[in-house]
Amino acid sequence: MSENRPLVDVRDLKEYFPVKSGMLNKMVLKAVDGVSFTIDKGETLGLVGESGCGKTTVGRTLLHLYKPTSGEVYFDGKLVTDKNIGEFRKDMQIVFQDPYSSLNPRMTVSDIIGEPLDIHHLYHNKKERAERIAELLTLVGLNSEHATRYAHEFSGGQRQRIGIARALAVNPRFIVCDEPVSALDVSIQAQIVNTFEELQQKLGIAYLFIAHDLLVVQHMSRRIAVMYLGKIVEIGSASDIINHPVHPYSQSLISAIPMPDPETARHKHRIILEGDVPSPLRMPKGCPFRTRCRFATEQCAQSCPSLTDRGNGRQVACHNM
Amino acid sequence: MSNVPLLQVKNLHTSFITDAGEVKAVNGISYNLDRGKVLGIVGESGSGKSVSAYSVMRILTDTGRVTQGEVLFNGEDILKYTPQQMQSFRGSRISMIFQDPMTCLNPVFTVGSQLREAIRIHTDRTKEQINARALEMLQLVGVNEPEKRLRQYPHELSGGMRQRVMIAMALACEPDILIADEPTTALDVTIQAQILELMQNLQKKMGMAIIMITHDLGVIADICDEIIVMYAGKVCERGTADEIFYNPRHEYTKGLIRSIPRVTEKHEKLVPIAGSPVDLLNLPKGCAFASRCECAMKICLTEQPEETWVNDSHIAACWNNVKRMYEESKGGEAR
């Protein structure tokens with residue numbers, strides 16, 4: 001039974017931020033509004049959506065970097081709470097988007113990668129610590145001589161590798177990758193994507209891969225979840241989502257990807273969405289997508305559709321199916 | 001006269017003088033742009049794609065200067081223009097939109113006053129005509145409730161709306177060329193699709209030429225007639241979209257195309273380009289890409305490859321291409 005248990009099990013996760021507007025008005029920003037998904041051992045779940053849809057918040061709340069407003073996160077069958085999160089830090093790590101601001105400019109690389117080792121007491125003597133740091137650097141494709149340098153001496157791609165080495169230091173079983181390649185050039189992006197894949201094959205790590213670049217997510221993930229305004233609107237296998245999206249939002253999102261291929265570009269039919277994403281402070285009643293949806297009906301204004309099973313592991317939240 | 005291309009850039013060199021030395025951002029690029037065409041310039045950060053456009057517009061920072069070359073607009077060298085001439089030239093003949101529409105709009109003036117200013121400077125219309133034109137432009141770029149928007153400040157608009165306002169401002173005086181420097185990079189995919197669609201529609205309607213600068217090969221494939229691939233301030237390859245994507249001749253272009261993920265059923269590993277971009281302070285003697293190139297030969301390290309015609313719509317600057325063409329021509333003779 002325990003074999004079939006998912007590694008990460010997120011159930012109805014909610015994260016509301018209080019926002020002040022005006023003197024007495026207190027409003028609530030529903031960044032994540034009831035998100036549920038599971039990730040198996042060694043699997044990659046891609047999480048896509050536009051800016052402000054709450055994908056980063058999902059990753060951070062999941063790791064209790066933000067205190068969840070409600071909902072549960074189970075890691076390997078055990079409930080993660082504020083009190084016992086310390087135990088799980090060794091198993092769950094994160095790689096951030098910006099390789100410039102996520103590394104302390106006053107620390108050497110060996111200090112940056114060594115810090116998690118220090119905190120979790122993962123070595124017996126200094127020699128062991130230095131060896132482990134060298135090993136980690138080689139693992140992510142850097143040189144062990146790099147350990148004495150500072151972050152500013154590296155290029156963006158190399159910095160991202162340092163960030164990955166730091167996450168790997170404690171031998172995690174799960175890493176949240178929060179837009180890890182968005183800040184990088186195309187040629188460097190491919191290097192980092194390959195590094196993530198090789199590490200997964202070698203160490204069996206599961207990823208939650210958050211990104212807005214659908215081509216990269218499609219390449220990395222076995223399954224993809226599409227988010228819109230704090231909710232998952234569709235989740236399914238990567239090829240199903242990319243080739244046959246069902247939810248009207250996923251359809252327009254996928255059709256909007258600029259394809260790096262002139263032939264496909266000429267024959268492609270773009271579904272252009274009208275208008276902008278509504279402010280999460282003034283969310284439309286009912287289905288959050290109905291203000292931009294081509295198929296919106298009376299029913300969509302009244303109740304919010306919940307994720308329902310459509311077979312083949314695909315779940316869609318839409319009334320018009 | 002009609003045979004003269006609208007814009008001719010000839011052997012343009014631009015450098016920045018810094019404390020560390022001369023940074024050679026653009027090292028001799030040449031291209032022609034015809035009326036009503038869309039030219040894409042693609043390259044990674046630091047490849048000189050933006051600086052080449054800034055040089056054309058003459059909006060380089062104080063430390064930067066064009067050290068060599070000509071920029072001919074309708075046959076006239078605009079690098080010789082006086083600052084006053086340049087001021088009336090910018091905006092009316094060539095305009096530009098930038099990546100981040102927030103930093104390009106003045107936060108303390110309303111959208112309307114900024115839009116009206118652009119029209120007032122370049123035309124001698126009356127106040128009513130200017131107002132009407134501003135409103136017409138906002139409608140043209142698909143801004144909803146244009147009367148209200150004219151009275152609003154930039155921070156009250158979303159990113160996509162701001163970019164539409166920027167486009168309205170750039171096109172208000174019906175320029176012949178619109179230079180778009182990463183216009184959709186800061187925007188979400190669905191908004192990006194809106195803006196690209198808008199630019200294509202406006203281009204058809206108003207017939208201006210567009211220079212599209214981007215690092216996104218997808219955007220380039222979508223809308224460009226001709227593509228220039230830049231690396232370390234030089235043109236690697238230039239040709240029609242089909243030639244660049246289906247018949248790439250420069251190893252860097254090939255590498256770029258291989259390193260983007262594709263939608264395929266079976267999982268193919270990406271082939272990244274090894275190493276990191278070249279240091280513009282110490283450019284190598286030979287081909288700038290040689291140190292990262294898998295097919296580098298001896299000559300690549302010592303001599304810079306010249307731009308060679310592959311066919312009448314395709315130029316490549318790569319020794320491997322020269323070799324390949326030589327072998328093909330020899331093979332042809334033997335037969």
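B:LEU280 falls short on exactly one of the conditions (1) modelled with pLDDT under 90; (2) closer than 28 Å to B:GLU22 by Cα; (3) facing chain A (nearest Cβ under 9 Å), and that condition is (3).
Which one is farthest from the chain's Cα centre (by Cα) among residues in segment A:251-266 that are facing another protein chain (nearest Cβ under 8 Å) and of a type in the set (A, V, I, L, M)? For segment A:251-266, the residue satisfying everything is A:ALA265. A search for C-beta distances below 8 Å between a residue of segment B:122-135 that is in contact (Cβ under 8 Å) with a residue 24 or more places away in the chain and under 17 Å from B:MET166 (Cβ atoms) and any residue that is surrounded by 17 or more Cβ atoms within 10 Å (Cβ to Cβ) and among the polar types (S, T, N, Q), counting only pairs 6+ apart in sequence or on different chains, returns B:HIS122/B:SER92.
Name the single residue that is nearest to A:GLU50 (Cα to Cα) among those in segment B:176-195 being assigned to a loop (DSSP other than H, G, I, E, B) and open to solvent by less than 10 Å² (accessible area, probe 1.4 Å). Residue satisfying both the conditions and the ranking: B:THR184. One residue alone among B:VAL38, B:VAL9 is in contact with a Gly (Cβ under 8 Å, 6 or more places away or on another chain) and either farther than 23 Å from B:GLN85 by Cα or crowded, with 16+ Cβ neighbours inside 10 Å (or both), and that residue is B:VAL9. For segment B:218-229, which positions are touching a strand residue (DSSP E or B) at 6+ places or on another chain (Cβ under 6 Å) and crowded, with 24+ Cβ neighbours inside 10 Å? Within segment B:218-229, B:ILE220, B:CYS224, B:ILE227, B:ILE228, B:VAL229 qualify. B:ILE179 meets the conditions (1) more than 10 Å from chain A (Cβ to nearest Cβ); (2) free of Cβ contacts under 8 Å to residues at least 40 places away in the same chain in every case but one. The failed one is (2). Checking each residue of segment A:14-23 against the condition of being within 17 Å of the chain's Cα centre (by Cα), within 14 Å of another protein chain (Cβ to nearest Cβ) and not hydroxyl-bearing (Ser, Thr, Tyr) gives no match.
Okay, residues lined up against (1) more than 30 Å from B:GLN304 (Cα to Cα); (2) of a type in the set (Gly, Ala, Ser):
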{"residue": "B:ASP19", "(1), (2)": "no, no"}
{"residue": "B:ARG58", "(1), (2)": "no, no"}
{"residue": "B:GLY75", "(1), (2)": "no, yes"}
{"residue": "B:VAL111", "(1), (2)": "yes, no"}
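Taking segment A:267-295, which residues are basic (Lys, Arg) and more than 9 Å from chain B (Cβ to nearest Cβ)?
Keep residues of segment A:267-295 that are basic (Lys, Arg), which gives A:268, A:270, A:282, A:285, A:290, A:292, A:294.
Hits for segment A:267-295 are A:ARG282, A:LYS285, A:ARG290, A:ARG294.
Could you tell me whether any residue of segment A:240-250 is part of a strand (DSSP E or B), within 11 Å of another protein chain (Cβ to nearest Cβ) and at pLDDT 90 or above? For segment A:240-250, residues part of a strand (DSSP E or B), within 11 Å of another protein chain (Cβ to nearest Cβ) and at pLDDT 90 or above: absent.
The set of residues in segment A:133-166 being over 20 Å from A:ALA190 (Cβ atoms) and open to solvent by less than 10 Å² (accessible area, probe 1.4 Å) consists of A:ILE133, A:LEU136, A:LEU137, A:ALA151.
In this structure, is A:ALA165 more than 9 Å from chain B (Cβ to nearest Cβ) and either of a type in the set (Val, Ile, Thr) or touching a Leu at 6+ places or on another chain (Cβ under 9 Å) (or both)? Spell out how you get there, then give the answer.
Values: more than 9 Å from chain B (Cβ to nearest Cβ): yes; either of a type in the set (Val, Ile, Thr) or touching a Leu at 6+ places or on another chain (Cβ under 9 Å) (or both): yes.
Against the criterion (more than 9 Å from chain B (Cβ to nearest Cβ) and either of a type in the set (Val, Ile, Thr) or touching a Leu at 6+ places or on another chain (Cβ under 9 Å) (or both)), A:ALA165 qualifies.
Restricting segment A:186-219 to residues that are more than 20 Å from A:ASP240 (Cβ to Cβ) and of a type in the set (Asp, Glu) leaves a set whose member that is farthest from the other protein chains (Cβ to nearest Cβ) is A:GLU198.
Contact annotation: residue pairs with Cβ atoms under 9 Å, 6 or more positions apart or on different chains, pairing a residue in segment A:284-312 that is more than 17 Å from A:GLU274 (Cα to Cα) with a partner that is aliphatic (A, V, I, L, M) and assigned to a helix (DSSP H, G or I), are A:LYS285/A:ALA301; A:GLY286/A:ALA301. Scanning segment B:196-217 for residues that are open to solvent by less than 10 Å² (accessible area, probe 1.4 Å) and at the interface with another protein chain (Cβ under 10 Å from one of its Cβ atoms) returns B:LEU196, B:THR214. Based on what the data block shows, is B:GLN163 of a type in the set (S, T, N, Q) and open to solvent by less than 10 Å² (accessible area, probe 1.4 Å)? Yes.
In segment A:222-235 there is no residue matching the filter, namely being more than 8 Å from every other protein chain (Cβ to nearest Cβ), under 27 Å from B:VAL42 (Cβ atoms) and touching a Gly at 6+ places or on another chain (Cβ under 7 Å). Restricting attention to segment B:230-256, the residues that are crowded, with 20+ Cβ neighbours inside 10 Å and facing another protein chain (nearest Cβ under 7 Å) total 4.
Would you confirm whether any residue within segment B:148-163 is within 26 Å of B:SER55 (Cα to Cα), modelled with pLDDT of 90 or more and not acidic (Asp, Glu)? Looking through segment B:148-163, at least one residue is within 26 Å of B:SER55 (Cα to Cα), modelled with pLDDT of 90 or more and not acidic (Asp, Glu). Taken as a whole, segment A:293-307 holds at least one residue that is surrounded by fewer than 16 Cβ atoms within 10 Å (Cβ to Cβ) and closer than 20 Å to A:ILE224 by Cα.
The values are calculated or read from the model by the stated rules, or taken from the named source; none is laboratory data. Fair warning: this is a prediction, and the values are worked out from it, not measured in the lab. Cβ: placed from backbone, ideal geometry, glycine included. Neighbour counts: every protein chain shown. Please note that ligands, DNA and RNA were not included when accessible areas were found on the heavy atoms of the full protein model with its side chains. Shrake-Rupley method; radii C 1.70, N 1.55, O 1.52, S 1.80 Å.
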